[in-house]
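Notes follow the structure.
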Amino acid sequence: MALKNMFHQKAFGGQDVKISLEISFMEAVQGCTKTVTFQTAVPCETCDGTGVPPGTRPETCRACRGSGMIFMQRGPFRLQSTCSQCGGSGKTVKEFCKSCKGDRVVKGSKTVRLDVIPGIEDNETLRIFRSGGADPEGNQPGDLYVTIKVREDPVFRREGPDIHVDAVISFTQAILGGTIQVPTLTGDVVLKVRQGTQHGQKVVLKGKGIKSRGSSLYGNQYVNFRVTIPMNLTHRQRMLIEEFAKEGQQGEQERTAAGASG
Ligand SMILES: [Zn+2]
Ligand SMILES: [Zn+2]
(Lines give C-alpha, C1' and ligand atoms only; values in the text may rest on other atoms or scores of the structure.)
(Ligands and ions follow the chains in the order given, each with its own letter.)
Protein backbone atom coordinates (compact mmCIF):
# COMPACT_ATOMS: atom_id res chain seq x y z
CA MET A 1 0.00 0.00 0.00
CA ALA A 2 1.23 3.45 -0.84
CA LEU A 3 1.64 5.88 1.95
CA LYS A 4 -0.03 9.00 0.66
CA ASN A 5 2.48 11.77 0.21
CA MET A 6 4.11 10.82 3.45
CA PHE A 7 7.63 11.02 2.19
CA HIS A 8 7.15 13.89 -0.19
CA GLN A 9 8.91 17.04 0.78
CA LYS A 10 6.46 19.40 -0.83
CA ALA A 11 4.13 20.94 1.74
CA PHE A 12 0.63 21.74 0.53
CA GLY A 13 -0.47 23.09 3.86
CA GLY A 14 -3.79 22.85 5.63
CA GLN A 15 -7.01 24.26 4.28
CA ASP A 16 -8.14 27.82 4.92
CA VAL A 17 -11.44 28.01 6.77
CA LYS A 18 -14.06 30.73 6.30
CA ILE A 19 -16.74 31.26 8.92
CA SER A 20 -18.96 34.11 10.06
CA LEU A 21 -19.57 35.35 13.57
CA GLU A 22 -22.49 37.43 14.79
CA ILE A 23 -21.81 39.94 17.56
CA SER A 24 -23.88 42.65 19.21
CA PHE A 25 -23.61 46.33 18.39
CA MET A 26 -21.90 47.11 21.71
CA GLU A 27 -19.46 44.20 21.32
CA ALA A 28 -18.45 45.70 17.97
CA VAL A 29 -18.01 49.13 19.52
CA GLN A 30 -16.05 48.04 22.58
CA GLY A 31 -14.29 45.00 21.14
CA CYS A 32 -14.67 41.52 22.63
CA THR A 33 -13.07 38.12 22.96
CA LYS A 34 -15.01 35.29 21.35
CA THR A 35 -14.63 31.54 21.13
CA VAL A 36 -15.56 29.99 17.79
CA THR A 37 -15.95 26.28 17.06
CA PHE A 38 -15.99 24.98 13.50
CA GLN A 39 -15.48 21.79 11.50
CA THR A 40 -12.15 21.30 9.77
CA ALA A 41 -9.23 18.90 9.41
CA VAL A 42 -7.60 18.10 12.74
CA PRO A 43 -4.63 15.81 13.42
CA CYS A 44 -5.65 12.15 13.80
CA GLU A 45 -5.29 11.24 17.46
CA THR A 46 -5.31 7.48 16.89
CA CYS A 47 -2.03 7.50 14.95
CA ASP A 48 -0.73 10.80 16.30
CA GLY A 49 -0.72 12.17 12.76
CA THR A 50 1.53 9.47 11.30
CA GLY A 51 -1.12 7.76 9.14
CA VAL A 52 -0.17 4.27 10.30
CA PRO A 53 -1.11 2.27 13.40
CA PRO A 54 1.21 2.97 16.34
CA GLY A 55 4.44 0.98 16.08
CA THR A 56 4.19 0.44 12.31
CA ARG A 57 7.40 1.02 10.37
CA PRO A 58 7.34 1.77 6.65
CA GLU A 59 9.13 -0.78 4.46
CA THR A 60 11.03 -0.33 1.23
CA CYS A 61 8.69 -0.78 -1.74
CA ARG A 62 9.38 -4.12 -3.43
CA ALA A 63 8.01 -3.08 -6.82
CA CYS A 64 10.50 -0.25 -7.33
CA ARG A 65 13.08 -1.25 -4.73
CA GLY A 66 12.69 2.09 -3.04
CA SER A 67 13.41 4.27 -6.07
CA GLY A 68 9.80 5.34 -6.55
CA MET A 69 10.19 4.82 -10.30
CA ILE A 70 9.32 1.95 -12.64
CA PHE A 71 11.30 1.48 -15.87
CA MET A 72 9.87 -0.27 -18.90
CA GLN A 73 11.38 -1.15 -22.26
CA ARG A 74 9.00 -0.45 -25.18
CA GLY A 75 10.78 -1.21 -28.43
CA PRO A 76 13.54 1.35 -28.71
CA PHE A 77 12.19 3.45 -25.83
CA ARG A 78 12.94 3.13 -22.21
CA LEU A 79 9.92 4.51 -20.36
CA GLN A 80 10.00 5.76 -16.85
CA SER A 81 6.91 6.15 -14.71
CA THR A 82 6.00 6.71 -11.09
CA CYS A 83 5.66 3.49 -9.13
CA SER A 84 1.97 2.81 -8.62
CA GLN A 85 2.61 0.55 -5.65
CA CYS A 86 4.14 3.22 -3.43
CA GLY A 87 2.95 6.34 -5.25
CA GLY A 88 6.58 7.30 -5.89
CA SER A 89 7.54 7.47 -2.25
CA GLY A 90 9.60 4.27 -2.39
CA LYS A 91 8.07 3.08 0.86
CA THR A 92 5.04 1.03 1.71
CA VAL A 93 3.25 0.04 4.87
CA LYS A 94 1.24 -3.09 5.59
CA GLU A 95 -1.77 -1.16 6.80
CA PHE A 96 -3.02 2.34 7.37
CA CYS A 97 -4.42 3.84 10.52
CA LYS A 98 -8.09 2.86 10.56
CA SER A 99 -9.28 6.22 11.85
CA CYS A 100 -7.77 8.43 9.14
CA LYS A 101 -7.11 5.77 6.44
CA GLY A 102 -3.59 7.12 6.10
CA ASP A 103 -4.62 10.76 5.64
CA ARG A 104 -3.06 11.70 9.00
CA VAL A 105 -5.84 14.22 9.51
CA VAL A 106 -9.53 13.65 10.21
CA LYS A 107 -12.59 15.85 10.10
CA GLY A 108 -13.25 17.21 13.53
CA SER A 109 -14.20 20.30 15.43
CA LYS A 110 -11.70 22.96 16.32
CA THR A 111 -12.10 25.78 18.81
CA VAL A 112 -10.29 29.08 18.45
CA ARG A 113 -10.33 32.13 20.68
CA LEU A 114 -10.25 35.42 18.85
CA ASP A 115 -9.97 39.03 19.85
CA VAL A 116 -12.40 41.28 18.02
CA ILE A 117 -10.87 44.75 17.79
CA PRO A 118 -12.93 47.68 19.11
CA GLY A 119 -14.76 49.60 16.40
CA ILE A 120 -15.02 46.70 13.95
CA GLU A 121 -17.64 47.24 11.26
CA ASP A 122 -20.32 44.94 9.88
CA ASN A 123 -18.96 42.54 7.21
CA GLU A 124 -15.31 43.10 8.09
CA THR A 125 -13.23 39.94 7.89
CA LEU A 126 -10.56 39.02 10.42
CA ARG A 127 -7.72 36.73 9.38
CA ILE A 128 -6.22 34.54 12.07
CA PHE A 129 -3.02 33.01 10.79
CA ARG A 130 -2.46 29.26 11.20
CA SER A 131 -5.83 28.67 12.89
CA GLY A 132 -7.50 26.85 9.98
CA GLY A 133 -7.33 23.21 8.94
CA ALA A 134 -4.46 20.99 10.13
CA ASP A 135 -1.69 20.32 7.64
CA PRO A 136 -1.26 16.63 6.75
CA GLU A 137 2.44 17.41 6.35
CA GLY A 138 2.37 18.70 9.88
CA ASN A 139 3.73 22.21 9.92
CA GLN A 140 1.64 24.54 7.78
CA PRO A 141 -1.95 24.83 9.02
CA GLY A 142 -4.37 26.93 6.98
CA ASP A 143 -5.66 30.33 8.04
CA LEU A 144 -9.00 31.14 9.61
CA TYR A 145 -11.12 33.92 8.10
CA VAL A 146 -13.91 35.23 10.30
CA THR A 147 -16.46 37.59 8.76
CA ILE A 148 -18.10 39.69 11.46
CA LYS A 149 -21.85 40.27 11.34
CA VAL A 150 -22.90 43.09 13.65
CA ARG A 151 -26.49 42.87 14.91
CA GLU A 152 -28.53 46.03 14.56
CA ASP A 153 -29.18 47.98 17.73
CA PRO A 154 -32.69 49.24 18.54
CA VAL A 155 -31.29 52.60 19.69
CA PHE A 156 -27.96 53.33 18.03
CA ARG A 157 -27.24 53.57 14.32
CA ARG A 158 -23.72 53.82 13.04
CA GLU A 159 -22.04 55.57 10.14
CA GLY A 160 -18.31 54.94 10.31
CA PRO A 161 -17.14 56.50 13.59
CA ASP A 162 -20.37 58.49 14.06
CA ILE A 163 -23.44 57.45 16.03
CA HIS A 164 -27.01 58.53 15.31
CA VAL A 165 -29.92 58.35 17.72
CA ASP A 166 -33.49 59.60 17.57
CA ALA A 167 -34.82 61.62 20.49
CA VAL A 168 -38.60 61.78 20.68
CA ILE A 169 -39.95 64.97 22.25
CA SER A 170 -43.51 66.21 22.69
CA PHE A 171 -44.65 69.23 20.73
CA THR A 172 -44.85 71.24 23.96
CA GLN A 173 -41.22 70.35 24.78
CA ALA A 174 -40.31 71.42 21.24
CA ILE A 175 -42.11 74.75 21.65
CA LEU A 176 -41.20 75.55 25.26
CA GLY A 177 -37.82 73.83 25.55
CA GLY A 178 -36.69 71.64 28.44
CA THR A 179 -34.34 68.77 29.15
CA ILE A 180 -34.39 65.11 28.08
CA GLN A 181 -32.27 62.03 28.73
CA VAL A 182 -30.39 60.77 25.69
CA PRO A 183 -28.56 57.44 25.52
CA THR A 184 -24.89 57.51 24.50
CA LEU A 185 -22.37 54.68 24.18
CA THR A 186 -21.10 55.55 27.65
CA GLY A 187 -24.48 55.97 29.34
CA ASP A 188 -27.36 58.43 29.42
CA VAL A 189 -26.71 62.15 29.32
CA VAL A 190 -29.08 65.02 30.03
CA LEU A 191 -29.58 67.14 26.95
CA LYS A 192 -31.08 70.61 26.81
CA VAL A 193 -33.91 71.04 24.33
CA ARG A 194 -33.92 74.57 23.05
CA GLN A 195 -37.12 76.57 22.88
CA GLY A 196 -38.49 76.32 19.34
CA THR A 197 -36.75 73.06 18.42
CA GLN A 198 -37.90 71.83 15.01
CA HIS A 199 -38.73 68.29 13.94
CA GLY A 200 -35.65 66.77 12.29
CA GLN A 201 -33.29 69.27 13.91
CA LYS A 202 -29.98 67.74 15.01
CA VAL A 203 -27.69 68.31 17.95
CA VAL A 204 -24.08 67.15 17.87
CA LEU A 205 -22.46 65.58 20.92
CA LYS A 206 -18.80 65.96 20.03
CA GLY A 207 -16.54 62.98 20.71
CA LYS A 208 -19.42 60.72 21.78
CA GLY A 209 -19.01 58.44 18.77
CA ILE A 210 -16.71 55.49 18.13
CA LYS A 211 -12.92 55.64 18.33
CA SER A 212 -11.43 55.73 14.85
CA ARG A 213 -9.05 52.85 14.29
CA GLY A 214 -5.39 53.78 14.24
CA SER A 215 -6.20 57.19 15.71
CA SER A 216 -6.96 58.64 19.10
CA LEU A 217 -9.95 60.56 17.72
CA TYR A 218 -13.56 59.68 18.44
CA GLY A 219 -16.52 60.23 16.14
CA ASN A 220 -19.56 62.30 17.11
CA GLN A 221 -23.04 61.43 18.22
CA TYR A 222 -25.90 63.07 16.35
CA VAL A 223 -29.19 63.44 18.20
CA ASN A 224 -32.07 63.71 15.78
CA PHE A 225 -35.17 65.33 17.33
CA ARG A 226 -38.50 63.84 16.40
CA VAL A 227 -41.48 65.88 17.51
CA THR A 228 -44.66 63.95 18.24
CA ILE A 229 -48.08 65.48 17.66
CA PRO A 230 -50.84 64.14 19.96
CA MET A 231 -53.56 62.18 18.16
CA ASN A 232 -56.25 62.61 20.81
CA LEU A 233 -56.91 65.63 23.00
CA THR A 234 -59.05 66.04 26.09
CA HIS A 235 -61.80 68.64 25.87
CA ARG A 236 -59.74 71.10 27.89
CA GLN A 237 -56.59 70.50 25.84
CA ARG A 238 -58.57 71.15 22.67
CA MET A 239 -59.91 74.43 24.10
CA LEU A 240 -56.42 75.54 25.06
CA ILE A 241 -55.04 74.71 21.62
CA GLU A 242 -57.92 76.58 19.98
CA GLU A 243 -57.13 79.56 22.22
CA PHE A 244 -53.51 79.26 21.19
CA ALA A 245 -54.51 79.16 17.52
CA LYS A 246 -56.65 82.30 17.88
CA GLU A 247 -53.85 84.03 19.73
CA GLY A 248 -51.50 82.96 16.97
CA GLN A 249 -53.77 84.46 14.27
CA GLN A 250 -54.17 87.70 16.20
CA GLY A 251 -50.46 87.92 16.78
CA GLU A 252 -49.87 87.31 13.10
CA GLN A 253 -52.34 90.08 12.12
CA GLU A 254 -50.80 92.49 14.61
CA ARG A 255 -47.33 91.79 13.27
CA THR A 256 -48.54 92.18 9.67
CA ALA A 257 -50.31 95.44 10.52
CA ALA A 258 -47.23 96.73 12.30
CA GLY A 259 -45.11 95.76 9.32
CA ALA A 260 -47.47 97.59 6.90
CA SER A 261 -47.66 100.81 8.94
CA GLY A 262 -43.94 100.77 9.74
ZN1 LIG B 1 -4.72 8.13 11.93
ZN1 LIG C 1 7.40 1.64 -5.29
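Give me the net charge for the shell around R130: Cβ to Cβ below 13 angstrom, other residues only, Lys and Arg +1, Asp and Glu -1.
Net charge around R130: -1.
Evaluate the Kirkwood expression for the hydrodynamic radius of the stretch 54-157, namely the inverse of the mean inverse distance over all pairs of different C-alpha atoms, and round to one decimal in Å.
18.8 Å
Going by a 4.7 Å Cβ-Cβ cut-off, which cysteines of the chain have no partner at all?
Lone cysteines by the Cβ rule: C32.
Based on the Cβ-Cβ distance from M72 to Q39, what FRET efficiency comes out when R0 is 45 Å, to the nearest 0.05?
The value I calculate is 0.50.
Using DSSP to call loops (not H, G, I, E or B), can you name the GluC sites (Glu not before Pro) in the stretch 109-156 whose Cβ has at most 15 other Cβ atoms within 10 angstrom?
Loop-located and lightly packed - E121, E124, E152.
Between H164 and L205, what is the label-point separation in nm under the 7 Å Cα-to-beta-carbon projection?
Label at L205, label at H164, 1.7 nm between them.
Quick check: the angle from helix 235-261's long axis to the longest principal axis of the chain, C-alpha only, nearest 10 degrees?
70 degrees
Starting from the Cα of Q249, step 7 Å along the direction of its Cβ; do the same at S216; then give the gap between the two resulting points in nm.
6.2 nm
For the stretch 54-159, what is the accessible area per residue in Å², given a 1.4 Å probe and the full set of protein chains?
With all protein chains present, the stretch 54-159 gives 65 Å² per residue.
Of L21, L79, L240, which has the largest mean-square fluctuation in a 10 Å C-alpha GNM of the chain?
L240
Write down the Kirkwood hydrodynamic radius of the stretch 157-255, to one decimal in angstroms, obtained as one divided by the mean of 1/r over all alpha carbon pairs. Please list the in-between numbers first.
Values: mean 1/r = 0.0635 Å⁻¹.
So the Kirkwood estimate lands at 15.7 Å.
What residues of the stretch 75-116 lie in the reach of a label at R62, counting those whose backbone N is under 19 Å from a point 7 Å from the Cα along Cα→Cβ?
83-96
Roll a 1.4 angstrom probe over the protein heavy atoms and tell me the percent of accessible area of the stretch 139-195 that is carbon or sulfur. Don't skip to the answer; put the middle values down first.
Numbers: 1670 of 3270 Å².
C and S atoms contribute 51 percent here.
In square nanometres, what is one fourth of the surface area of the convex hull spanned by the alpha carbons of the chain? Could you put the intermediate results ahead of the total?
Numbers: hull surface 117.9 nm².
The number I arrive at for the chain is 29.5 nm².
If you average the sequence gap of Cα pairs under 8 Å that are 6 or more apart and divide by the length of the chain, what percent do you get for the contact order? Don't skip to the answer; put the middle values down first.
Working: 523 pairs, mean separation 53.6, N = 262.
Answer for the chain is 20 percent.
By how many nm would the segment from R113 to E152 lengthen if fully extended, with 0.36 nm per residue of separation less the alpha-carbon distance?
11.7 nm
The values are calculated or read from the model by the stated rules, or taken from the named source; none is laboratory data. Quick caveat, the model's predicted, so the values are computed rather than measured. Here Cβ is always computed from backbone atoms with ideal geometry, including for glycine, and neighbour counts include all displayed protein chains. Ligands, DNA and RNA are stripped out before the accessible areas are found, and what is left, the full protein with its side chains, is counted by its heavy atoms. Shrake-Rupley method; radii C 1.70, N 1.55, O 1.52, S 1.80 Å.
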